[in-house]
Amino acid sequence: MRKQKGKGLVAAEMGETMIWFLLFLLVASTGYGAQIVHHDIEARIDPPQHSIAVTDVITIHIDAQQGKFDSFGFFLNRNLKLITVSSLDTPLHLEVEEEGEERSEEARYYRLVPREPIPPGLDRLRVRLVYRGMIYNPLRPPASDYAQSFAQTTGLIDARGTYLSGSTFWVPQRPGDLVTFTLRTLLPPGYTSVSQGKRTREEIKEGMVQTEWSCPFPQEEIFLIAGRYVVTKERYGDIDIMTFLYRPDPQIIATYVPATRRYLDLYTRLIGPYPYQKFALVENFWQTGFGMPSFTLLGDQVIRLPFIVHTSYGHEILHNWWGNSVYVDWEKGNWSEGLTTYGADYLYKERQGPEAAREYRRGLLRDYLNYVHQGKDFPLTAFRSRYSFASRAVGYGKAAMVFHMLRRLVGEEAFWASLQRFYRDFRFRVASWDDLFSSFSTVSGKDLRAFQRQWIDQAGAPFISLDTVRLRGKQKPYRLEVVIRQSPPYTVQVPVHIVTEEGTLIQEVVLRDSRNRFQFSLDQKPLRVQVDPDFAVFRRLHRAEIPPTLSQTLGAESVLIVVPTQGDPALLRAYQALVTQWEKRRKHRVIKENEFTPALAAHSSVWLLGQVEVRGFGRRMLQEQVILSPDALGIGGAMYDLRRHSFVLTVSHPQDPELTVNWLLTRDPRMVETMARKIVHYGKYSYLVFAGDRVIDKGVWPVLSSPMQREVSWE
């Protein structure tokens, strides 16, 4: 994910986004017609002492035509003491006023107030600020299950490493200002720093490692990352590919550097030239997955996961085009995550083949069905950042599907040409959904206003149903009548597949009303009709179109947990500890197995901990998918010894297909917490098989029939 302006770690909270908007409104009322455009920073860092001393010369651009310059507001971390403030280039006397009212937990608000009129014609004012203090916001657990077990901080200086960002307010900052900068860091021997832009110098001088970074491109925020890094650099065209690792690791370099070249080539060809002078892979001492301008910050465990280089790594590189050089107009909605998901995660599946792409699209629709319940939906113009499974299903998943439908509507050539134009026009500028659609309309020549209103400005999705299929006459040409219903009515292009004796004909139809009737004249004998079988349309699925998966349970609004009362005491304690942990994050109903009745489970998804069945409930549903014996369990043709393996299983609830019944089965008390912790990462699967703490098998149950398919009757 892109590290978003003003946010904490991976799962940025919606409250932090709102605070950022309030701060924006506050500074907008001061220094009207003025903004910070450049920082010249020298930062001396003492990692063991958590301290930093900064001299920052800020350049303020003054637009006299916009209004009188009578004060200038900015934010600075409240743990940093402002020592001196002085004007350069002019003898202007400045005073600093500290806002008494609490504006932010992290920052104080200051005003620079000139005590005499600004000299006529002065359009730039350079101000030197000297300040120092300690920054150490300890890593804290995620606020919810969604945060995927990644710790969070707004900023810290530590012997293990330094992490400073916009949310740290470590430099004078005004939300909305885009700034260029130079940054000189002074660190103890063995340490080095990373920031945006190009490293122009590094030397050991006066017993300190002095490193200089220069970023001539306007930025939303300034990052300072530091650690005991071993650095490599390779020149690729006019780009430096760098790695910052805690120890020499030839395998990581041999894996990531060629992948970096491939991704840079791919997106340069699809979109336009890479916007920065370097790209760096930077290791972090806690688990993160950030994409910053010109580098990515990956946790020391994350970076070594074998699939990351093929998935998330390319996603973070693409963010250098979307979100980290073409910036998001936060007030009008975050388009960058959906576009990056489509251009990275989805595109990689598409290149694997049609079936992989189809399954990815089905997964996006599945997550929308499983997580976005009543009251949790919102228009894409309201998306700022992901903070829950539901917000991700809309801001990432729905948005990606909208781009897929847009690509189908305007065509392949126009789609990529539109993105190329959008990139050219808005590189290092702020852009909105309106700007994006303006590029598509201009290039494609299509009026996309209705499309944008329907899919971007309003919440929801249509529920599409295949109503009737009738054959009118049994001689050539065959006249086939198909009725498709939808609720609520959208204007949406839908593919209809007509399977014949000679192959499959694909007809594109446009739904506009609640009931839509279409007639097809065919020379080939029709056998079967399928509506959107490849999941090309963003819609609310029928439950029967997808197998039950763990995401259905994770998104359930009501969950009943049934805990055993007999068995291994250590295992019983482990199950109780798990229930206690789950209860801290979300309220569930918890009962003992001797209290269970099917009526209690009628309106809830159910977890059966350590039990195949409780009072006859569970075994029949489970036996439809697996083979059960006293000491083994068979899945997908393989038999697993219950003494050496552990399992997470989910099937449809016998009383309500919108709900699930789930099992967590193990004979090892140590596995209970491990299995529960990993479930959140495997939401798209129906079953998991563990050997020790490793998932050795996973899969989904087959879908045997779909309500979006009908046979043509020839009787």
Gln625, sole failed condition from (1) at pLDDT below 90; (2) within 30 Å of Tyr346 (Cβ to Cβ); (3) in contact with a Lys or Arg (Cβ under 7 Å, 6 or more places away or on another chain): (3)
From Thr162, Thr168, Thr154, Thr180, residue being out of contact with any strand residue (DSSP E or B) (no Cβ under 7 Å at 6 or more places or on another chain) and touching a residue at least 24 places away in the same chain (Cβ under 8 Å): Thr154
Selection count, the range 387-423, where residues are of a type in the set (Gly, Ala, Ser), within 24 Å of Glu508 (Cα to Cα), in contact (Cβ under 8 Å) with a residue 60 or more places away in the chain and surrounded by fewer than 22 Cβ atoms within 10 Å (Cβ to Cβ): 0
Failed item, numbered, when Gln493 is tested on (1) under 20 Å from Arg362 (Cα atoms); (2) free of Cβ contacts under 8 Å to residues at least 40 places away in the same chain: (2)
The listed residue being surrounded by 15 or more Cβ atoms within 10 Å (Cβ to Cβ), out of contact with any His (no Cβ under 7 Å at 6 or more places or on another chain) and polar (S, T, N, Q), out of Gln519, Gln475, Gln530, Gln454: Gln454
Matching option when the condition is of a type in the set (Phe, Trp, Tyr) and either under 12 Å from the mean Cα position of the chain (by Cα) or in the same structural domain as Leu554 (by the TED database) (or both), among Phe422, Phe383: Phe383
Filter result for Leu704 (assigned to a strand (DSSP E or B) and either farther than 17 Å from Ile561 by Cα or in contact with a helix residue (DSSP H, G or I) (Cβ under 7 Å, 6 or more places away or on another chain) (or both)): no
Lone unmet requirement of (1) of a type in the set (D, E, K, R); (2) in contact (Cβ under 8 Å) with a residue 40 or more places away in the chain; (3) over 23 Å from Gln566 (Cα atoms) for Glu624: (2)
Residues of the range 607-619 that turn out to be at pLDDT 80 or above and more than 14 Å from Leu665 (Cβ to Cβ), as a count: 1
Residue count for the range 90-117, restricted to those that are modelled with pLDDT under 90, surrounded by 12 or more Cβ atoms within 10 Å (Cβ to Cβ) and either in contact with a helix residue (DSSP H, G or I) (Cβ under 8 Å, 6 or more places away or on another chain) or over 14 Å from Phe69 (Cβ atoms) (or both): 6
Residues located in the range 186-214, provided they are in a strand (DSSP E or B), within 25 Å of Gln35 (Cβ to Cβ) and in contact (Cβ under 8 Å) with a residue 60 or more places away in the chain: Lys198
Sole residue being within 15 Å of the chain's Cα centre (by Cα) and either farther than 15 Å from Ala344 by Cα or at pLDDT below 95 (or both), chosen from Val302, Val328: Val328
Members of the range 500-554 found to be without any contact (Cβ under 8 Å) to a residue 60 or more places away in the chain, touching a Lys or Arg at 6+ places or on another chain (Cβ under 6 Å) and closer than 20 Å to Arg362 by Cα, listed by number: none
Among residues of the range 701-715, those that are under 29 Å from Gly637 (Cα atoms) and among the hydrophobic types (A, V, I, L, M, F, W, C), counted: 3
Condition check for His319: under 25 Å from Trp286 (Cβ atoms), touching a strand residue (DSSP E or B) at 6+ places or on another chain (Cβ under 7 Å), touching a residue at least 12 places away in the same chain (Cβ under 8 Å) and not aliphatic (A, V, I, L, M): yes
Of the criteria (1) crowded, with 18+ Cβ neighbours inside 10 Å; (2) at pLDDT 95 or above, which one Met134 fails: (1)
Test for Ala390: is it assigned to a helix (DSSP H, G or I) and more than 21 Å from Ala536 (Cβ to Cβ): yes
Selection within the range 573-591 - under 11 Å from Leu560 (Cα atoms) and exposed (fewer than 13 other Cβ atoms within 10 Å of the Cβ): Lys587
Single residue of Trp170, Trp213 found to be among the hydrophobic types (A, V, I, L, M, F, W, C), under 16 Å from Val231 (Cβ atoms) and surrounded by 23 or more Cβ atoms within 10 Å (Cβ to Cβ): Trp213
Residue match in the range 434-441 (condition: surrounded by 15 or more Cβ atoms within 10 Å (Cβ to Cβ), touching a Pro at 6+ places or on another chain (Cβ under 8 Å) and of a type in the set (Phe, Trp, Tyr)): no
All positions within the range 172-215 that are β-branched (Val, Ile, Thr) and within 34 Å of the chain's Cα centre (by Cα): Val179, Thr180, Thr182, Thr185, Thr192, Val194, Thr200, Thr211
Unique residue being more than 17 Å from the chain's Cα centre (by Cα) and not acidic (Asp, Glu) when the list is Arg392, Arg366, Arg407: Arg407
Residue match in the range 483-493 (condition: surrounded by fewer than 17 Cβ atoms within 10 Å (Cβ to Cβ) and over 39 Å from the mean Cα position of the chain (by Cα)): no
The range 588-613: number of residues that are of a type in the set (Phe, Trp, Tyr) and free of Cβ contacts under 8 Å to residues at least 40 places away in the same chain: 1
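The values are calculated or read from the model by the stated rules, or taken from the named source; none is laboratory data. None of these values were measured; they are calculated from a predicted model. When we count neighbours, we look across all protein chains shown, and the Cβ atoms used for this are built from the backbone with ideal geometry, even at glycine.
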